[in-house]
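Working notes for the structure below.
The values are calculated or read from the model by the stated rules, or taken from the named source; none is laboratory data. Note that the structure is a prediction, hence the values are computed from the model and not measured. A quick note on method: Cβ atoms are made from the backbone with ideal geometry, for glycine too, and the neighbour counts reach across all protein chains shown. When the accessible area is computed, the model is the full protein with side chains, heavy atoms only, and any ligands, DNA or RNA have been set aside. Shrake-Rupley method; radii C 1.70, N 1.55, O 1.52, S 1.80 Å.
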Amino acid sequence: MTIKEIFTTMEYGKAPESSAVAQQWLADKQHTFDHYINGQWQSPKTKKYFKSTNPANLENIAQVADGEVDDVNSAVKAGEAAQQQWFNLGGHARAKYLYAIARQIQKHARLFSVLESLDNGKPIRESRDIDIPLVARHFYHHAGWAQVMESEFPNFEPLGVVGQIIPWNFPLLMLAWKVAPALAMGNTVVLKPAEFTCATAVLFAQICDEIQLPKGVFNLILGDAKAGQAIVEHQDIAKIAFTGSTDVGRLIRKTTAGTGKKLSLELGGKSAFIVFDDADLDNVVEGIVDAIWFNQGQVCCAGSRLLVQESISEKLICKLKSRMDKLIVGNSLDKCIDMGAVVDQSQLTTIKNMIDIGLTEGATLYQSDNNLPKNGCFYPPTLLTNVEPASTIAQQEIFGPVLVAMTFRTHDEAVQIANNSRYGLAASIWSENINLALDVAPRVKAGAVWINCTNMFDAAAGFGGYRESGFGREGGKEGLYEYMQESWYSKLSIDKPKVVVSKGVEKTKSCSTNHIDRTAKLYIGGKQTRPDNGYSLPVYDINAVQIAEIPDGSRKDIRNAVEAANKASAWSKTTAHNRAQILYFIAENLEARASEFAQRICQLTGQTLAKATAEIDLAVSRIFSSAAWADKFDGQIHSPPQRVVTLAMKEAVGNIAIVAPEEAGFLGMISTIMPAIAMGNRVIFIPSSQSALLATDFYQILNTSDLPGGVINIVTGNRDVLTDTLAKHYDIDGFWYWGTAEGSKQVEFESAATMKRTWVNYGKNFDWFSREQIDSGIFLRKAVEIKNIWVPYGA
Ligand code: NDP
């Protein structure tokens, strides 16, 4: 071809990256990957290995240790033995190790990049310019957090040995996201990479060895799901951090239910890419390329659902198709390609099956002739139009280079379609009107929202999802809380608390016919309502004399309460100042009736009047605290290295079910409800048996405090039955439970279906009078989700 012709066609030649150094490294390892346990390379106890191949040419890369329970046991033992000493080294010493890791990654960046592309099939351009630089940034950033841990988190301690299970789409980056914060906060690690992509994890272990990271601090277990399962089930592991499919995430939630293991899950997504009619369409097209064809679309937050305003749809789709025609698909080590190979034949089959489903459901397919290589796992950039929002391909994660396109007419419709998903990981909004973009961003249910950009990540900005995209955050300050706990937490007792609930042995009624019989009711949607089933339960005073009856709430009452909470969604959008004002008003009204409430406490519990009065005083003070924090527990602004600001906004979780601590009576009720509503949540509250009557007294105060109906809903009745109903309910976003170990297990297990954010006490007793515990900020943190909104700047 002549130069003149090249100027016309603009065709690229090949620009291959050499794999010589990586091949030599593999040869030095005799093409064998072993576990790295307690600072030593160890072959699997079973001596079994499986093959790992390069998906771009199906050539063998290495044989990989097939880890099982015994290997995991050794790794956990090593982690346990090393952990206390690792923490005791202090923040500065740990910072130096993390800094050394970051330095080594930079020094060997090219080897890491080539190895990653060989192993995974991703373009070298991406592993070299995105994955590996972000990995180094993650270790540098967290070296900083290790350095300041003692001053920033003086009342926190590490968890112990953490188990981390990662997927194949960003092998080393996912390792960095998990290992860096865990080590920084003083934990030790047992990590299992995906069976398809272990190479860079092995090189990482080699680097840990070279910098003489203390033995047992980082342990690498290779293998498939068996090894993952053994980590999840290991009783001495304090926390599981998992990234992968929602199905396995759900399984892990169920397996760990009730064990007390901390859990963070970063799962699938079906993220919306919303284009308004005033967007710069050429920029949008490049954005789409990054959103869905980056990493062959094997990205949990890929912008896989294109939502275009109807008026510009035709024009955009036309531009997009001509851009698709120019995308180059090829060998991962060619620097000129746009897309590499899909990770494995099995993933290729999954993608093809999903396309078949889409076509059966009536979608229209567009694939350009991208001249795919003959060998290897390649799939072309794909666009599906004519797609209904409810169709399978619009709802299910495909995890491949497949974009589904839909249209919308109004801004509200765009938000509705974007939120019509069981996932909530990310979204991308394109408009030249920043006011519009910033209006839509908070309304989209997603952990990361990119405005006029997409797929941007940084160690300082937390990443994680809503709904079935999982819970917990990775990166940022919020990500650190996943790897530590309040020092008082490990000291909580599990003795049965002393609770005075009179059982009414004598069955005497105090109600004389001279009194007007007061009927305590449920409190739903701001109204007092009778229970649907028409049953009541007796309430006895300390002398076993029946003093009242409370409604025996049931499944239908819970349904009504949740509906009422949904209708009160304006509470989450109202200003923090307004919420604070209403909380102050509640405190004022409670104080005005303090003696009446104190007497009721005495009547129910037999406490002295002085003690009961002190409890009310503290309750009033706690309401004041929640009101005070309503407009002070703010988000943050991050400045990542890119030309962008990240607004880390704290948002309400949504509908929170609260099952009150049995032992804490009225104070427990106030201490749990108030921070939840201060942060904008709506609450469905199940009082303890002891304080149920007080809860029904309390709604009279709510009625006179301007609290909108539906923000607090109180359902009395059998706690266990109501807990079960709430845990299974699809419209509950968060669940706070104080009760038995068995009850805690049930809440976590049942919540797996919808991935509710659960916070349970595993039968441990909080000290509800303790400032250290209750006013530590833990309630506020549990009451919010952090959404990062990325706003680029510069003309
Ligand atoms: P999985 O969720 O199966 O795998 C993720 C990790 O978990 C891997 O290390 C895997 O091991 C391990 N694992 C698998 N089963 C168990 C188990 N029972 N207990 C503990 N660990 C387990 O994802 P796949 O790799 O199979 O991909 C399937 C689908 O998941 C994709 O098509 C995509 O939709 C989604 N996915 C989402 C990702 C995300 O980032 N959100 C990343 C990857 C996949 P091993 O690989 O050895 O089986």
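The value of relative contact order for region 706-766, using C-alpha pairs under 8 Å at least six residues apart, is 33 percent.
For region 264-335, a/c is not less than 1.5, where a ≥ b ≥ c are the root eigenvalues of the C-alpha gyration tensor, and a/b does not top b/c. That puts it in the oblate class. From the mean inverse distance of alpha carbon pairs (Kirkwood) and the Cα radius of gyration, derive Rg over Rh for region 550-651. Radius of gyration over Kirkwood radius for region 550-651 works out to 1.15. With a cut-off of 10 Å between beta carbons, the residues surrounding Ala225 carry a summed charge of 0, where Lys and Arg count +1 and Asp and Glu -1. Applied to region 643-651, the Karplus parametrisation 6.51 cos²θ - 1.76 cosθ + 1.60 on θ = phi - 60° returns per-residue 3J(HN,Hα) values of 7, 7, 10, 10, 8, 8, 9, 8, 10 Hz, with x for Gly and Pro.
Checking every one of the trypsin sites (Lys or Arg not before Pro) in region 317-381 against DSSP loop status and a limit of 12 other Cβ atoms within 10 Å picks out Lys374. Ordered from largest to smallest accessible area (heavy atoms of protein chains, 1.4 Å probe), the residues Asp119, Asp532 come out as Asp532, Asp119. Distance between the C-alpha centres of region 771-795 and region 236-282: 18 Å, rounded to the whole angstrom. Measure off, as a whole percent, the carbon and sulfur share of the 1.4 Å-probe accessible area of the chain, all protein chains present. In the chain, the share of accessible area belonging to carbon and sulfur is 50 percent.
Of the trypsin sites (Lys or Arg not before Pro) found in region 19-50, those that fall in a DSSP loop while having at most 12 other beta-carbon atoms within 10 Å are Lys47.
Of the chymotrypsin sites (Phe, Trp or Tyr not before Pro) found in region 186-285, no site is in coil according to DSSP while having at most 13 other Cβ atoms within 10 Å of its Cβ. A 1.4 Å probe run over the protein chains yields, for the chain, 39 Å² of accessible area per residue, whole-number rounding.
A helix-only calculation puts the chain at -12500 deg cm²/dmol for mean residue ellipticity at 222 nm, using -39500 (n - 2.57) for each DSSP H run of at least four residues, averaged over all residues.
The mean sequence separation of alpha-carbon pairs under 8 Å and at least six residues apart, normalised by the residue count of region 634-733, gives a relative contact order of 27 percent.
Shape class of region 107-246 from the Cα gyration tensor (axes a ≥ b ≥ c, square roots of the eigenvalues): oblate, since a/c reaches 1.5 or more and a/b does not exceed b/c.
Less than 5 angstrom separates the built amide H of Leu425 from those of Lys270, Gly447, Tyr466, all sequence-distant by 5 or more or on a different chain. The Cβ shell under 11 Å around Phe153 holds other residues with a net charge of -3, Lys and Arg each +1, Asp and Glu each -1. Here the relative contact order of the chain, from alpha carbon pairs under 8 Å that lie six or more residues apart, stands at 12 percent. When each full DSSP H helix of the chain is screened for a Cα extent of at least 27 Å along its own axis and an average Kyte-Doolittle hydropathy of at least 0.5, the helices passing are 609-630. Projecting the Cα positions of Phe156, Ser572, Phe585 onto the charge dipole of the chain (unit charges on Cβ atoms of Lys, Arg, Asp and Glu, taken about the Cα centre) puts Phe156 furthest along the positive direction. 3J(HN,Hα) along region 476-481, derived from phi through the Karplus expression 6.51 cos²θ - 1.76 cosθ + 1.60 where θ = phi - 60°, amounts to x, 5, 4, x, 5, 4 Hz, with x in place of Gly and Pro. When both region 1-72 and region 101-131 are represented by their alpha-carbon centers, they are found 12 Å apart. A Stokes-Einstein calculation at 4 °C with viscosity 1.567 mPa s, built on the Kirkwood radius of the chain over Cα pairs, returns a diffusion coefficient of 46 µm²/s.
Taking a straight line from the alpha carbon of Lys787, these aspartates and glutamates sit under 15 Å away, with near neighbours fewer than eight places off in the same chain left out: Glu266, Asp439, Asp458, Glu474, Glu478, Asp634, Glu651. For region 723-795, what class follows from the C-alpha gyration tensor (a ≥ b ≥ c being the square roots of its eigenvalues): rounded when a/c is under 1.5, otherwise prolate if a/b is larger than b/c, else oblate? It comes out oblate by the Cα gyration axes. A cut-off under 14 angstrom between Cβ atoms defines the neighbours of Val444, and their net charge, with Lys, Arg +1 and Asp, Glu -1, is +2. Separation of region 423-477 and region 527-568, taken as the distance between their Cα centroids, equals 40 angstrom.
As a quick test, which of the pairs Lys521/Lys764; Lys262/Lys573; Lys262/Lys745; Lys51/Lys226; Lys178/Lys239 have an alpha carbon distance above 19 angstrom in this structure? Long pairs (Cα-Cα over 19 Å): Lys521/Lys764; Lys262/Lys573.
Using modelled amide H (1.01 Å from N, peptide plane; none on Pro or chain starts), what sits under 5 Å from the amide H of Ser487, excluding residues fewer than 5 places away? Here the answer is Phe156, Glu157, since their amide H atoms fall under 5 Å of that of Ser487.
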